[in-house]
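Here the structure is laid out as structure tokens; the discussion comes afterwards.
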Protein chains: 2
Amino acid sequence: MTQGEVWPKPQHETTENAYFTFNPSNFNVKVTNQTCATLTSAIERYSYIIKSKSGGQSRERKIVPGSKRRRHSDDTQDLHQGALQELEIQLTEPCEDYPYLEMDESYRLIVSATSKLESASIWGIMRGLETFAQKFYFSDDMNEIRINASQVDDFPRYQHRGLLLDTSRHYISLSNILKTLDAMSMNKMNVFHWHIVDDQSFPYQSEKFPELSLQGAYHSSMVYTKEDISRVVEYARVRGIRVLPEFDVPGHTRSWGNAYPNILTECYRGDEVIGLGPMNPIRNVTYKLIRDVFQEVQTWFPDKYIHIGGDEVEMDCWRSNPEIREYMRNNKLTVGDLHAMFMRNTLPLLANNSKVIVWQEVFDEGVPLSNDTLVQVWKYLWIDEMVKVLEAGHRVLFSSSWYLDHLGGEWPALYAADPRQMVRDATGNDELLPAVVGGEACMWGEMVDDRNVISRVWPRASAVAEKLWSAEVPAAGRRWRSSRDAPPLEAYRRMEEHVCRMIRRGVAAQPASGPGFCLP
Amino acid sequence: MTQGEVWPKPQHETTENAYFTFNPSNFNVKVTNQTCATLTSAIERYSYIIKSKSGGQSRERKIVPGSKRRRHSDDTQDLHQGALQELEIQLTEPCEDYPYLEMDESYRLIVSATSKLESASIWGIMRGLETFAQKFYFSDDMNEIRINASQVDDFPRYQHRGLLLDTSRHYISLSNILKTLDAMSMNKMNVFHWHIVDDQSFPYQSEKFPELSLQGAYHSSMVYTKEDISRVVEYARVRGIRVLPEFDVPGHTRSWGNAYPNILTECYRGDEVIGLGPMNPIRNVTYKLIRDVFQEVQTWFPDKYIHIGGDEVEMDCWRSNPEIREYMRNNKLTVGDLHAMFMRNTLPLLANNSKVIVWQEVFDEGVPLSNDTLVQVWKYLWIDEMVKVLEAGHRVLFSSSWYLDHLGGEWPALYAADPRQMVRDATGNDELLPAVVGGEACMWGEMVDDRNVISRVWPRASAVAEKLWSAEVPAAGRRWRSSRDAPPLEAYRRMEEHVCRMIRRGVAAQPASGPGFCLP
């Protein structure tokens, strides 16, 4: 495994063999320009990580069986450049308060006796601090912490680098959500897509409509209060992570119906009601509740964007309902039109200047969407879909290849997908590429709960994080011909170090690629 | 989910709707016949489980979305038969000290105000106590702990119900091994197959040959000392679980070579040595070391059986080695003959009266094996292999369908395999069935370590446990026509309860079959 190499890989990096030694008690961080509470807390956080014995340093992980362990001889002595004394932080523009899609995350880091980290943005400083922390490693004899002389000029390839967590199929504790945010910041991911409610349970505890979680949560202890949400938002904010709430409508809403059954559609078999389906698109009560709930949600979640779902609507239920059938007949609508109508009615219920993310079906049904809408592509045949969405002038979030609940996919398989590369291959040029703004690893909750969610997500989501941050792997460095963006060999070694790093920083990542160990 | 139903399903059980309430402070366990320290400790263990608030009781897990939660009306009042007062334990024969393949695990349990558990064997008493503990459940209003009047006559279908744990690809901590034994006893599994060393590391800390783990373990902290082993053996023994050590030879032994490279074969490409392969079958030092190590191992592990592996020998390495090539030429041996010779030479090195388990390759290579040898079938085309082994007069352990590292397999897929059914289908009669003595779920360690091993094994191994304990599912109860032993619907509900039970008893099992929750 590597020593002191960074995940995700920086865009430009030169590293020398010369190194500095690190002594926690003789090291100092100095802020020489703009500062703010967010910067101070970031410095505290990373000082702790860097200085704590069990912190961000990497140690040897793998022994090749049958081989002698590596022992550096003393000829490395002359590479020692003395002690690392200081990190100077230059934030050249005032702090911004809340992260956003177009934020600047670029930074420059120079590691020398007096190291420098420079950015125009607080978000860039955070990314640079993470890089700095990752560059420390133990000497082979474990007696010294070292960091190599180096220069990093870094920025993300995609703006939106997300992780979806589903807290409806199984409830996930607040502490595991915060742990997830820790891990995201280690991987420079910047959007926590909180798929907070769904058919199975409604853990969002509304102040306006307490019955929703009283009736819809699995248990009174399995809710997220206003305080919980504000804690998650703040914990994420100081790590440069946006929290994107998803309230999926009109499908995936059965848990709303525990408290408010009349907003759901009664599904029929013949003349008999056999259950409740998606929201009822022809009743005013439906839109009134959506409006009031979304209003509260948008007060609690500061992000400009809200995800309103729109996927997998059970059209057969709509078709089966006599009242809705009559409505469709009278208005000459197909069920697809009905879905479009529902979404069209819902969009104006959002706060002014809201921006919207939807699953691809909403685009597919022909709902008129503003150009700043993000369309999240998740289904099969994703290349055609991306091109269609882009050609219609919308922006794309890619998730099809990154469903973490599909167990087959160990990290090298997830690493093989690159949405811009696919679009370039399909169109033969780069015109549409900028509108592919990013992607998300999706951890749907059917088979994960508090006991296995962390190890199921990490390090597999790290593969997605690197694809979204780092430069495109040049063709020459690619390993598999059939799926051209599979990991280069160096990434396997870097991943081993990264897994041990996450484990030491409290994230119970699972093994990446096979046998091995992390030093205790 | 079910309430107070047992996993694995007892052979014969009648349960009434009438129930008793349970008050920990007014409940007593009485031993009326034989007793011994093992029985006393089992009673203490289960008293704690039954009496502790967070103990073995089951609670409601699933809410069907959109439906009202179940509320029993007061018409259940007249089913209340008063308080459970006592469990009388009748062990009719003296305690045995250590569990063994042919041990008696049958028991009879009668639940009434004064309940009775009867067995001729301490092992049967343990299984009955587990059943008793599993039958408690909370009333729907959560105010009462109840147990239904019932009678259970139970015994295992297969004698050997094992779980293989690989502690070489990743080191597994002692506490997770003990946790695994706890979970095994909850699932009435009775053999802990400890695949303790392999190519990647040698965590067994020998007293005679300390260099083996000094050079071969991943790290000085990642070893099992004599005391650790004796703790595992004792912890298992008092739960009626045998500990079966595997020291796989002559392949999978590269970690032996860190300390003793000359017992391994040098593999050649042309004239050049390119690495070390399997044990060298033509050197005396090899057999001398095996003899001495096995002698120590058989002192530390009291089981009559030892697993000596014999799988996946890299024959190409033997073929490439000039010294071995010459030996084969001089003695007119194929590499298959060489493998057979190696195993033949190894068998006499074991302690007197040892019994042996081998992987199927040893049988396939035609090594003469005594009739009490167990042949573990693990490869593809397992039906033919089982029939061949059985027709040659040996006994079979089945594992092919139960590799837990194959992630595709959620528990219903594991549940579909039934080795005796397969043999009956292949031969058309029941003659060979008794010699299929059992099977093992195998948790190979490439992708599991301390962080995910428990949730990866449980509850999937529970499916294997039930197939090995419970009666064959009658054809009428089978759910999938194409793989006839898939779980009946009641098993899905019982599994939900069992997962919550394991979690409450400290085993971090993963979700079984989809969305849901366990009450806190």
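The values are calculated or read from the model by the stated rules, or taken from the named source; none is laboratory data. What you are looking at is a predicted structure, and each value in this text was computed from that prediction instead of being measured. Cβ atoms come from the backbone with ideal geometry, glycine included; neighbour counts cover every protein chain shown. For accessibility, only protein heavy atoms count, side chains too; no ligands or nucleic acids. Shrake-Rupley method; radii C 1.70, N 1.55, O 1.52, S 1.80 Å.
Of A:Ser462, A:Ser221, the residue with the largest accessible area leads and the full order is A:Ser221, A:Ser462 (1.4 Å probe).
Local charge for A:Leu333 was computed over the other residues whose Cβ lies under 15 Å away, with Lys and Arg +1 and Asp and Glu -1, and equals +1. Between 0 and 90 degrees, the angle of helix B:284-300 with respect to the longest Cα principal axis of chain B falls at about 20 degrees. Applying the Karplus relation 6.51 cos²θ - 1.76 cosθ + 1.60 with θ = phi - 60° to the range B:305-314 yields 3J(HN,Hα) values of 8, 9, 9, 10, x, x, 9, 6, 6, 7 Hz, where x marks Gly and Pro. Take the convex hull of the alpha carbons in chain A; its mean projected area over all directions comes to 26.0 nm².
Peptide B:274-283 has a mean shielding of 1, counted as Cβ atoms of other protein chains within 10 Å of each residue's Cβ. Using a 4.7 Å Cβ-Cβ cutoff, the cysteines of chain B lacking any partner cysteine are B:Cys442. Accessible surface calculations at 1.4 Å, restricted to protein heavy atoms, place the range A:125-273 at 27 Å² per residue.
Considering only alpha-carbon pairs that sit under 8 angstrom and 6 or more positions apart, the relative contact order computed for chain B is 17 percent. Rounded to the nearest 10 degrees, the angle from helix A:174-186 to the longest Cα principal axis of chain A is 50 degrees.
In the assembly of identical copies, A:Lys379 has its label point, taken 7 Å from Cα in the direction of the beta carbon, separated from the corresponding points by 4.5 nm (ascending, one decimal). Note on B:His498: accessible area is roughly 0 Å² with a 1.4 Å probe, heavy atoms of protein only. If you take every residue apart from A:Gln376 with its C-beta less than 9 Å away from the C-beta of A:Gln376, what net charge results, scoring Lys and Arg +1 and Asp and Glu -1? The answer is -2.
Across the protein chains, with a 1.4 Å probe defining accessible surface, the residues A:His195, A:His219 rank A:His219, A:His195 from largest area downward. Between 0 and 90 degrees, rounded to the nearest ten: what's the tilt of helix B:322-331 against the longest Cα principal axis of chain B? It works out to around 90 degrees.
Beta bridges from DSSP with both residues in the range B:84-213: antiparallel share about 50 percent, rounded to the nearest 5.
Of the residues B:Met447, B:Met184, the one with the largest accessible area comes first in the ranking B:Met447, B:Met184, computed with a 1.4 Å probe on protein heavy atoms.
Taking a sphere under 9 Å around the Cβ of A:Glu490 and counting the other residues whose Cβ falls inside, with K and R at +1 and D and E at -1, yields a net charge of +2. Maximal additional length on extending the A:Gln34-A:Gln295 stretch stands at 90.4 nm, based on 0.36 nm per residue less the C-alpha distance. In a simple Cβ point-charge model (Lys, Arg +1; Asp, Glu -1; nothing else charged), the protein assembly as shown has a dipole of about 720 debye relative to its Cα centre.
Charges on Cβ only, +1 for Lys and Arg, -1 for Asp and Glu, centred on the Cα centroid of the range B:222-376; of B:Ser320, B:Pro245, B:Phe363, which one is farthest towards the dipole's positive end? Of the listed residues, the answer is B:Pro245. With protein chains left intact and a 1.4 Å probe, residues in the range A:309-438 average 43 Å² of accessible area per residue. Among the protein heavy atoms, those of A:Ser119 account for about 10 Å² of accessible surface (1.4 Å probe, every chain in place). Contact residues in the range B:155-176 (at least 30 Å² less accessible area with all protein chains than alone, 1.4 Å probe): B:His170.
A simple charge model with +1 on the Cβ of Lys and Arg, -1 on the Cβ of Asp and Glu and nothing else charged puts the dipole of chain A at about 1120 debye relative to its Cα centre. Projecting the Cα atoms of A:Gln151, A:His195, A:Asn429 onto the charge dipole of chain A (Cβ charges, centred on the Cα centre) puts A:Gln151 farthest toward the positive pole.
Across the identical copies, the 7 Å label point of B:His219, projected outward along Cα→Cβ, sits 3.4 nm from its counterparts, in ascending order.
Atom-type composition of the exposed protein surface of chain B places 49 percent of the accessible area on carbon and sulfur (1.4 angstrom probe).
Close amide H contacts of B:Leu244 (hydrogens built in the peptide plane, cut-off under 5 Å, sequence separation of 5 or more or a different chain): B:Phe192, B:His193, B:Trp194.
Taken across both chains, chains A and B shield about 3500 Å² of accessible surface from a 1.4 Å probe.
Among the protein heavy atoms, those of A:Lys179 account for about 60 Å² of accessible surface (1.4 Å probe, every chain in place).
Residue-wise HN-Hα couplings along the range A:27-36, as the Karplus relation 6.51 cos²θ - 1.76 cosθ + 1.60 with θ = phi - 60° gives them from phi, are 10, 9, 10, 10, 9, 10, 9, 4, 9, 5 Hz; Gly and Pro carry x. Answer rounded, prolate or oblate for the protein assembly as shown, using the Cα gyration tensor with square roots of eigenvalues a ≥ b ≥ c: rounded when a/c is under 1.5, else prolate when a/b is larger than b/c, else oblate. Oblate shape, in that a/c is at least 1.5 and b/c is the bigger or equal ratio. Of the residues in the range A:503-520, those shielded by at least 20 Å² of accessible area once partner protein chains are present, compared with the chain alone at a 1.4 Å probe, are A:Ile503, A:Ala508, A:Gln510, A:Pro511, A:Gly514, A:Pro515, A:Gly516, A:Phe517, A:Leu519, A:Pro520.
A Förster radius of 30 Å, combined with the Cβ-Cβ distance separating A:Glu207 from A:His406, puts the computed FRET efficiency at roughly 0.20.
With the convex hull of its Cα atoms as the shape, the range B:116-208 has an orientation-averaged projected area of 9.9 nm².
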